[in-house]
Structure formats: structure tokens, C-alpha cells
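> Dropping the structure in here first, questions after.
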Amino acid sequence: MKRTVTCHNRIRTKSLEMPAEKLTWRLSAYGILIQDNRVLLSRQWDGWDFPGGGIEKGEGVEEALLREFKEEIGISIESNALLHITQDFFIPDFLPDTYWHDVLMYFTCKNPQGEISTDGFMDHETEYMQAAEWVPLENIDSIKFYNPIDSPAIIRLANQRKSV
């Protein structure tokens with residue numbers, strides 16, 4: 001019996017049953033940067049996500065996280081600690097007939113350097129992303145996130161670990 005999985009596209013709010021052999025493995029790294037009771041979030045569509053994205057072949061996890069932060073946010077950071085790992089079956093908007101089995105790693109980050117910028121956006125990112133913003137921690141339960149995790153819970157966990 002062939003295995004199938006349900007792939008999601010949270011932006012288009014659609015799901016498709018997909019044979020497992022059509023999936024492509026994807027590893028990705030995301031950062032949670034908290035400073036002055038605010039979290040730095042990437043503005044996407046009508047919601048938010050953490051800065052980060054796919055790890056390229058031959059690229060280290062930390063190297064990818066630092067690159068993604070620089071591309072999407074315009075600042076340099078240091079990764080601190082692995083906070084959470086999860087998986088998702090995902091349909092990317094910008095790649096036709098592509099379905100990912102994505103393993104997502106979330107890291108706490110520190111020591112931001114530089115100014116927020118959109119200069120590093122890839123072509124497809126300019127269609128849905130805006131400049132990142134510092135969001136007050138008191139607002140995290142009332143905003144829309146585009147990712148497969150409980151974002152407010154992971155932000156609270158990162159904030160707890162930051163103060164330890």
C-alpha cells in the first residue's frame with residue numbers, strides 16, 4: 001500500500017493528499033530574536049513568521065540561519081541554542097508541482113547588528129514580504145502567524161530561556 005500525506009499551504013488555505021514519493025526533503029532553520037520585550041518577526045502577507053528558511057546543500061545549519069537572517073531581515077545575528085524541531089508537509093507557492101517534507105529547526109538568537117532592510121529579498125519574496133518589525137511580546141497572542149507551530153508558545157519559551 002502506497003503511503004500518502006496531507007500537504008498544506010497555509011497562505012492559500014488548501015490541502016492536498018499527496019503520494020509520499022512526490023515529496024522532496026527540505027531542512028530549514030528559523031531564528032527567534034527577543035530584545036527589550038519585543039520579538040523580531042518577518043512580515044508576510046497579512047501575517048508574520050520567524051526569519052529563516054531552507055538550508056542549501058553543503059551549507060551548515062548555523063551558516064544557513066545567519067544567511068537567512070541577513071537576506072530576509074538585513075541584520076547579522078549569532079545563533080544561541082536549538083529550541084524546537086518539528087516537521088511539516090508543505091506546498092510552496094513559488095515552486096509549481098512541488099511538495100516538501102520539511103524539517104524545521106528553531107533557534108534562539110542574540111546580538112543583532114545592523115539595520116532592518118529588504119535588500120536581500122529573493123525575487124519571489126518581494127511579492128509577499130515586507131520589512132521585518134519588532135513586535136511587542138504582549139501582542140503575540142493576537143497576531144496571525146504563517147507556520148506550522150504554536151508561535152506564541154515558542155516565543156514564550158525562547159523568552160524564558162533567554163533569561164536563564
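The values are calculated or read from the model by the stated rules, or taken from the named source; none is laboratory data. Remember, predicted model here, so these are calculated numbers, not experimental data. FYI the Cβ positions are ideal-geometry reconstructions off the backbone, even for glycines, and counts take in every protein chain you see.
> How many residues does region 75-112 contain that are surrounded by 14 or more Cβ atoms within 10 Å (Cβ to Cβ) and in contact with a Gly (Cβ under 6 Å, 6 or more places away or on another chain)?
Looking only at that region, the number is 3.
> Is it true that some residue in region 99-108 is within 12 Å of residue 33 (Cα to Cα), assigned to a loop (DSSP other than H, G, I, E, B) and either in contact with a strand residue (DSSP E or B) (Cβ under 6 Å, 6 or more places away or on another chain) or acidic (Asp, Glu) (or both)?
Within region 99-108, none of the residues are within 12 Å of residue 33 (Cα to Cα), assigned to a loop (DSSP other than H, G, I, E, B) and either in contact with a strand residue (DSSP E or B) (Cβ under 6 Å, 6 or more places away or on another chain) or acidic (Asp, Glu) (or both).
> So, one more: For region 60-96, what are the residues that are among the polar types (S, T, N, Q) and over 12 Å from residue 31 (Cα atoms)? If you could, list the steps in order and put the result at the bottom.
Taking region 60-96 first, the residues among the polar types (S, T, N, Q) are 76, 79-80, 86-87.
Listed by number, the residues that qualify are 86, 87.
> (1) at negative phi; (2) in a loop (DSSP other than H, G, I, E, B); (3) small (Gly, Ala, Ser): which one isn't true of residue 81, the others all being true?
Exception for residue 81: condition (2).
> Right, here's the next one. Can you tell me which residue in region 27-53 is farthest from residue 134 (Cα to Cα), limited to those that are surrounded by fewer than 19 Cβ atoms within 10 Å (Cβ to Cβ) and not polar (S, T, N, Q)?
Only one residue fits best here, namely 27.
> How do the pairs read when you match residues in region 124-152 that are without any contact (Cβ under 8 Å) to a residue 60 or more places away in the chain with residues anywhere that are assigned to a loop (DSSP other than H, G, I, E, B), using Cβ under 6 Å and keeping only pairs 6 or more apart or on different chains?
124/94
> What is the residue count in region 14-25 for residues that are charged (D, E, K, R) and buried (at least 18 other Cβ atoms within 10 Å of the Cβ)?
Selection size over region 14-25: 0.
> Find the residue count for region 129-164, including only residues that are over 16 Å from residue 69 (Cα atoms), at pLDDT below 90 and either touching a Lys or Arg at 6+ places or on another chain (Cβ under 9 Å) or loosely packed, with under 13 Cβ neighbours inside 10 Å (or both).
Counting residues in region 129-164 that are over 16 Å from residue 69 (Cα atoms), at pLDDT below 90 and either touching a Lys or Arg at 6+ places or on another chain (Cβ under 9 Å) or loosely packed, with under 13 Cβ neighbours inside 10 Å (or both) gives 6.
> Farther than 23 Å from residue 140 by Cβ and either in contact with a Leu (Cβ under 7 Å, 6 or more places away or on another chain) or among the β-branched types (Val, Ile, Thr) (or both): is that true of residue 55 in this structure?
For residue 55, the condition - farther than 23 Å from residue 140 by Cβ and either in contact with a Leu (Cβ under 7 Å, 6 or more places away or on another chain) or among the β-branched types (Val, Ile, Thr) (or both) - is met.
> Moving on to the next point. For the condition over 17 Å from the mean Cα position of the chain (by Cα) and of a type outside the set (Asp, Glu), what is the one hit in 96, 92?
Matching residue, one of 96, 92: 96.
> Looking at region 58-69, can you tell me whether even one residue there is free of Cβ contacts under 8 Å to residues at least 24 places away in the same chain, within 26 Å of residue 5 (Cα to Cα), part of a loop (DSSP other than H, G, I, E, B) and not hydrophobic (A, V, I, L, M, F, W, C)?
No, because not a single residue in region 58-69 is free of Cβ contacts under 8 Å to residues at least 24 places away in the same chain, within 26 Å of residue 5 (Cα to Cα), part of a loop (DSSP other than H, G, I, E, B) and not hydrophobic (A, V, I, L, M, F, W, C).
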